[in-house]
Structures are given as structure tokens and as C-alpha cells.
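Colleague: Submitted below is the structure of interest, expressed as C-alpha cells.
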Amino acid sequence: MAMHPVQVIAVTGGKGGVGKTNVSVNLSMALADLGRRVMLMDADLGLANVDVLLGLTPKRTLADVISGECDLRDVLLQGPGGIRIVPAASGTQSMVSLTPMQHAGLIQAFSDISENLDVLVIDTAAGIGDAVVSFVRAAQEILVVVCDEPTSITDAYALIKLLNRDHGISRFRVLANMAHSPQEGRNLFAKLTKVTDRFLDVALQYVGAVPYDECVRKAVQKQRAVYEAFPRSKCALAFKAIAQKVDTWPLPANPRGHLEFFVERLVQQPTADSAV
């Protein structure tokens, strides 16, 4: 595999309904707008969301790549704004259950597209199950999405605690979604850091807030990304500003963040001994 550095960003949150898929799609488009070559992987192995959100109909999914029926290029969907999408392998087995031959096939599949890629955004499933942890622990950057609900904070904390305790991950980035004001976003971050500072040895970094915006609901009804459907909306402008921050994040040093390293970590059985 060529050693072209690819930034791998896992968008997660622990809880369903915090807007992870909307964040993943619109952040991907905003990064593409900055000239980055972006691929978005739908990593919800049970309930695919990205293709539904964008009104796409995949003929094949990651499951077909894993089974050896086709190449990764064959499943890629062209999304809005030039992003490429890997549809979810809905209903397939967990990535950690793959055979060694399937492991090798998955690594080769990603190696084939690495030279045409700058950023891989991973939209994880809800919860803290093995599949979610596998994707998140393999990524270079972990973007935790929270919203103003008590369960969002507690579930985000549970995910951070699990990744810290069992896998040695100590750095997380936090994005407040559906915030009614910039101050509400900062307050959400403060709530989370108050708990993590007390009980965990982790560093949280605040990325910013995406405002609550009726345009998001309208875009979802149209099965379009709000960044494309309402480019001057508060929400779209927030994603543009956040993407500019993300674009300044350091590129991975060798080998962390390269696709080969990502896939190798993805297919490892997550254990307490496999700390990052």
C-alpha cells in the first residue's frame, strides 16, 4: 500500500438521535468544498442511514466487498458535492468476526483507493457495541456528537470511558449539535468535561456547535444534505466553519492514520491488551 496519509475521522456519540449521520454527511461535503478528496463510510452495520438520507439506492454494499464478490470501487456511490460513499453492510456480521482471508481482502480493497483519498469519515452506529468500538478505536480522530439531552451526555461519557479504560484512548473532540445558541454548545461541553475531568484521564477538545435549524428537517424531507439544499442556512454555515477547523488538524504521522493501519486495527478483536 502506498503511504499517502489519509485522515480517518470517526463520528460517534453513544446515543441514537443526536444527529451523527447529518453531521457526517454535511461535514464531508464541507471538507470536499475545501478541496479535500472525501469518502464517507456508513458504518451502521444494522440500520443503514447515509443512503436513505441522501436518497441513494446502492446495488452493492461493503458486505459484498468482504465476501469477495466485488471490489470496493464497485460499491462506491457518488454523493453530492463530489464525496464518495461506502454504503453500509446492513445485517452483516461484526467486523471483528471476519476470517483472516476476509481481513486481507478488506485491507487490499482500501489500498486500491488510498491514493485518491485525503479524508475518510466514518458514520458509526448508535450505542457502544463491538462494531462501534471497532471503528472508533481504529480511527485517528474521534468526533463525539452531543446534544442537549441528559441521555446524550451520559451515553457520550459511557463511550469515552469504555474507549479510555479498555483501549487507552485519551483524546476526543466534541461537537455540540442542534444547539439553540453558541453558549448552549459551550455549556454542553462543560457538562461533559466536568464528569470526565473528575473520573477519567482524558483530554476533550471543543470543535464547536451546529445550531438548531429548521432547514435540516426540510432537507431531510427532500432527502438532501442541508449543506447542498440550503447553503446559506445557519446550519450549513456552521458546517463550513467547522470544516475549516477540521482541515487544520494535523495529518497522520507514519503509520497512524494510513488506511492500511486503520483497516488492520478495524479487524483486530478489541481487547484490553490492544490499547492505542
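The values are calculated or read from the model by the stated rules, or taken from the named source; none is laboratory data. Predicted model, so just to flag it, every value in this text is computed and none were measured. Note that we place each Cβ from the backbone using ideal geometry, even for glycine, and neighbour counts take in every protein chain shown. We work out accessible area using only protein heavy atoms, side chains counted, and drop any ligands, DNA or RNA first. Shrake-Rupley method; radii C 1.70, N 1.55, O 1.52, S 1.80 Å.
Colleague: Take region 15-32 and flag every residue that is open to solvent by 10 Å² or more (accessible area, probe 1.4 Å) and in contact with a Leu (Cβ under 8 Å, 6 or more places away or on another chain).
Modeller: Hits for region 15-32 are Thr21, Asn22.
Colleague: In the list Val18, Val23, which residue meets the criterion of being within 22 Å of Ala176 (Cα to Cα), out of contact with any Lys or Arg (no Cβ under 6 Å at 6 or more places or on another chain) and not in a helix (DSSP H, G or I)?
Modeller: Answer to the check: Val18.
Colleague: Among the residues of region 115-131, which ones are farther than 19 Å from Arg37 by Cβ and open to solvent by 10 Å² or more (accessible area, probe 1.4 Å)?
Modeller: Correct list: Ala125, Ala126, Gly127, Ile128, Gly129, Asp130, Ala131.
Colleague: Do the conditions hold for Thr124, that is, is it in contact with a strand residue (DSSP E or B) (Cβ under 7 Å, 6 or more places away or on another chain), of a type in the set (Ser, Thr, Tyr) and without any contact (Cβ under 8 Å) to a residue 24 or more places away in the chain?
Modeller: no
Colleague: Can you tell me which of (1) within 28 Å of Gly82 (Cβ to Cβ); (2) surrounded by fewer than 14 Cβ atoms within 10 Å (Cβ to Cβ); (3) under 22 Å from the mean Cα position of the chain (by Cα); (4) at pLDDT 95 or above is the one Ala253 doesn't meet?
Modeller: (4)
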